[in-house]
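Below: the structure, in structure tokens.
Computed from the coordinates by the stated procedures, all read-outs in this text should not be read as laboratory data. For clarity, every value in this text was computed on a predicted model and none was experimentally measured. Quick reminder, even Gly has a Cβ in these numbers, built from the backbone with ideal geometry, and neighbours come from all protein chains shown.
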Amino acid sequence: MSNEDKAAAAAAVEIRDVWADNLDAEIAMIREIVDDFPFVAMDTEFPGIAIRPLGVFKCFADSNYHVLRANVDLLHLIQLGLTFTNGAGLLPTSSWGRPIVWQFNFREFDVENDISNPESIELLTKSGIDFIKNREFGVDAKRFAELLMSSGVVLNHSVSWVTFHCPYDFGYLLKILTCRMLPETREEFHQLVKIFFPVLYDIKHLMRFSNYLHGGLNKLAEQLAVERIGISHQAGSDSLLTARMLMCILCGSFDYHTSDKIPSCCARFWRILLAEITIR
């Protein structure tokens, strides 16, 4: 693909910001398209790791889950990106034919008063997230949960969730959907994820089945020659990048061509990912 073609492709995709005033309409559209675009790539932005509670645990995975749980329970989700694709990697389109990715901006986080990791806030600010605008115009998390629960996106074995090193992503999303603090144990957390997101493919996990893929999200994108559309460390762009990388993997990196032939996520997967969480 030429540079001109790549630029045209990037310009064609709309990363659609969702605020309180268009939330209902956008979830209604998602409800209409999810059956035809059942791969859902997801990414979140949150205030980083602000606290590190102490304790004695039998393994690193349990220790890291304890940190995850403490932070998710205390902090608030800032942004959620959802990219829907079909088996060919195509995106849903707007009424005028433009491919769409959704980026939900939440109102609960107060940058002036809430606890956070300063380095994470600085990074998100540099990436263009407007905390004041989110606070004033952002989506109410409880209303979002009500709408998503009835959308057909969660609790659905026909929908495949796609992530990149996902424990914190699912931690924040489960907190919103259940309106509860996270379970006390890693095993209970895993069971809750299985209920809400029964089919899950995490690219970090899939990389274990390759002899040459390694690194973080941006490094892997370089290896797979997948160009980013949008801004790094914004959830919409990151979810789109994740979706496009999965399609590259399905098309040949593992010599698998259908999703039912690649390894899905299991209890061992959660133990591995929680043991390897990179504190950010």
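Structure notes:
- Close amide H partners of residue 160, meaning residues 5 or more places away or on another chain with modelled amide H under 5 Å apart, are 39, 40.
- Burial order of peptide ranges 188-199, 69-80 (average beta-carbon count within 10 Å, highest first): 69-80, 188-199
- Packing-based exposure ordering (other Cβ within 10 Å, fewest first) of 178, 44: 178, 44
- For region 3-275, projected area of the alpha-carbon convex hull averaged over all directions, nm²: 14.4
- Residue order, fewest to most beta carbons within 10 Å, for 62, 36, 202: 36, 62, 202
- Order of 56, 162 under a 10 Å beta carbon neighbour criterion, fewest first: 56, 162
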